[in-house]
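K.L.:
I have a structure I would like to understand better, so I am pasting it below and will then ask my questions one at a time.
The values are calculated or read from the model by the stated rules, or taken from the named source; none is laboratory data. On a predicted model such as this, the values are computed, not experimentally measured, just so you know. A quick note on method: Cβ atoms are made from the backbone with ideal geometry, for glycine too, and the neighbour counts reach across all protein chains shown.
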Amino acid sequence: MWFVFALLSAVFAALTSILAKVGIDGVNSSLATAIRTVVVVIMSWGMVFLTNAQGGISDISRKSWLFLILSGLATGASWLCYYKALQIGDASKVVPIDKLSVVITLVLAFVFLHEQFTFKSLIGCILIGIGTLIMVL
């Protein structure tokens, strides 16, 4: 089931890029990011209440709070940079560079989470890097 959700995530991320590129025309990129964030907040809390998960807030540990907040800050920084890049660059060039996050994530997962970095992972990272380079040149 994780594969279905991951694939849907990729589809929605692609739609996000195209819809944002059209919607950001003539709009300050920070304002556009704020509008997008409000929509995401409403959707997220809607799902919390729809699935009756709000009772779990008191069970969240301090460590989880800290890392969820840091993750939120990283997301915000990513979105602000992404929208600015999308506003001034071509979606067909911005998006591949943004997807280098896959390579960076694999490296960070290896270094900080001690996840296995295999030969297959290395080849995948190299191919993503080469593919990105080819797409943006």
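K.L.:
Would you point out which residue out of S17, S30 is surrounded by 10 or more Cβ atoms within 10 Å (Cβ to Cβ), small (G, A, S), closer than 13 Å to L86 by Cβ and at pLDDT 95 or above? Lay out the reasoning, then the answer.
P.N.:
Numbers: S17 fails: at pLDDT 95 or above.
Answer to the selection: S30.
K.L.:
So, one more: For V40, all conditions in the list (1) surrounded by 10 or more Cβ atoms within 10 Å (Cβ to Cβ); (2) modelled with pLDDT under 95 hold save one; what is the number of the exception?
P.N.:
(2)
K.L.:
Regarding the range 71-84, can at least one residue be identified that is more than 30 Å from K21 (Cβ to Cβ), modelled with pLDDT of 95 or more and of a type outside the set (A, V, I, L, M, F, W, C)?
P.N.:
No: zero hits.
K.L.:
Name the residues in the range 111-135 that are loosely packed, with under 14 Cβ neighbours inside 10 Å, assigned to a helix (DSSP H, G or I) and touching a helix residue (DSSP H, G or I) at 6+ places or on another chain (Cβ under 8 Å), would you?
P.N.:
G129, G131, M135
K.L.:
Scan (1) under 14 Å from I24 (Cβ atoms); (2) surrounded by fewer than 16 Cβ atoms within 10 Å (Cβ to Cβ); (3) in contact with a helix residue (DSSP H, G or I) (Cβ under 6 Å, 6 or more places away or on another chain) for the single condition V94 breaks and write down its number.
P.N.:
(2)
K.L.:
Step by step: first the residues of the range 33-66, then only those that are part of a helix (DSSP H, G or I) and among the hydroxyl-bearing types (S, T, Y), then the one that is nearest to L86 (Cα to Cα). Which residue is that?
P.N.:
Restricting to residues being part of a helix (DSSP H, G or I) and among the hydroxyl-bearing types (S, T, Y), the top hit is T33.
K.L.:
Tell me, please, whether a residue that is under 17 Å from A14 (Cα atoms) and either in contact with a His (Cβ under 8 Å, 6 or more places away or on another chain) or charged (D, E, K, R) (or both) can be found in the range 34-42.
P.N.:
For the range 34-42, residues under 17 Å from A14 (Cα atoms) and either in contact with a His (Cβ under 8 Å, 6 or more places away or on another chain) or charged (D, E, K, R) (or both): present.
K.L.:
So which residues in the range 80-102 are of a type in the set (A, V, I, L, M) and within 13 Å of the chain's Cα centre (by Cα), if there are any at all?
P.N.:
Of everything in the range 80-102, those that are of a type in the set (A, V, I, L, M) and within 13 Å of the chain's Cα centre (by Cα) turn out to be L80, V95, I97, L100, V102.
K.L.:
Would you say S71 is assigned to a helix (DSSP H, G or I) and within 14 Å of the chain's Cα centre (by Cα)? Show your work before the answer.
P.N.:
Working: assigned to a helix (DSSP H, G or I): yes; within 14 Å of the chain's Cα centre (by Cα): yes.
Answer is yes for this residue.
K.L.:
For S61, only one of the following conditions fails: (1) more than 17 Å from the chain's Cα centre (by Cα); (2) surrounded by 10 or more Cβ atoms within 10 Å (Cβ to Cβ); (3) not basic (K, R). What is its number?
P.N.:
(2)
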